[in-house]
Amino acid sequence: GESVGLHLPTLSVQEGDNSIINCAYSNSASDYFIWYKQESGKGPQFIIDIRSNMDKRQGQRVTVLLNKTVKHLSLQIAATQPGDSAVYFCAETKGQGKLIFGQGTELSVKP
Amino acid sequence: DTGVSQDPRHKITKRGQNVTFRCDPISEHNRLYWYRQTLGQGPEFLTYFQNEAQLEKSRLLSDRFSAERPKGSFSTLEIQRTEQGDSAMYLCASSGSGTSVATDTQYFGPGTRLTVL
């Protein structure tokens, strides 16, 4: 079936550098996309979201880019900090129902 | 605490036993979702409610699984005759209903870690 996938299972960056986490989705009917951060033993924490009628959305130190032409979603984290170390999931949904998650990218921040 | 809460946080049971988990959503949210997450994987959708109505159930939700939300507030997820393959993190999320991004966002609880021996 259709699913959201991530390109890389792990990403290691130096503290202070920018991080880019990528995601490919296959359901062109999806209209809402979300990035979650999950620390070990905890539930997913909402980071930022974007609707399909937008290309870019910015939050505090985070930016989400949506390219509907190639069905690609990315999360940019500026000035990555040790506290950003976690697994990051993208998720998609159509309407207001279930989320479809990818497998996640584990971000490690080196001090 | 205004977030989603789940109880218990951890449950260890023997194969064949029944278990029940509880989820308390954010108070003003009328949608409640259950997901299951196994190690190294993203959460997988199980079912969701709008108020007390169960609107969708995944094929993952076998007849051993049942979820309820009798008064449109908290929800319970019961697993009967547990199997070792049921070992996972069970996550609950809630959201408002509406057309804006803010009300669609699903906020997750800390999860219940189930281990079936």
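Each reported figure results from applying straightforward, stated rules to the coordinates on display, with no laboratory input. Computed from a predicted model, the values in this text were never measured in an experiment. Methodologically, a virtual Cβ is constructed for each residue, glycine included, from the backbone with ideal geometry; neighbour enumeration extends over all protein chains shown.
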The range B:16-81, Cα convex hull volume normalised per residue, Å³: 94
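Taking N as the number of residues in chain B, what is its alpha-carbon radius of gyration divided by 2.2 N^0.38 Å? Please list the in-between numbers first.
Values: Rg = 13.7 Å, N = 117, 2.2 N^0.38 = 13.4 Å.
Chain B yields a ratio of 1.02.
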Cα-only radius of gyration and Dmax that characterise the range A:1-86, units Å: 13.1, 39
Cα→Cβ-extended label distance, 7 Å offset, between A:Phe46 and A:Asn22, nm: 2.9
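The protein assembly as shown: Rg/Rh from Cα coordinates, Kirkwood Rh?
Reported Rg/Rh (Cα atoms, Kirkwood Rh): 0.97.
Okay, helix-only estimate at 222 nm for chain B: each DSSP H run of n ≥ 4 adds -39500 (n - 2.57), divide by all residues, round to 500 deg cm²/dmol; what do you get? Don't jump to the answer; show the numbers that get you there.
Numbers: 1 runs with 4 residues, N = 117.
Computed ellipticity for chain B at 222 nm equals -500 deg cm²/dmol.
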Counted charge near A:Ser19, where neighbours are those whose Cβ lies closer than 15 Å (Asp, Glu -1; Lys, Arg +1): -1
Extent along principal axes [Cα atoms of the range A:36-111; Å; largest to smallest]: 38, 25, 20
Charge context of B:Pro43, other residues only, Cβ under 12 angstrom, K/R +1, D/E -1: +1
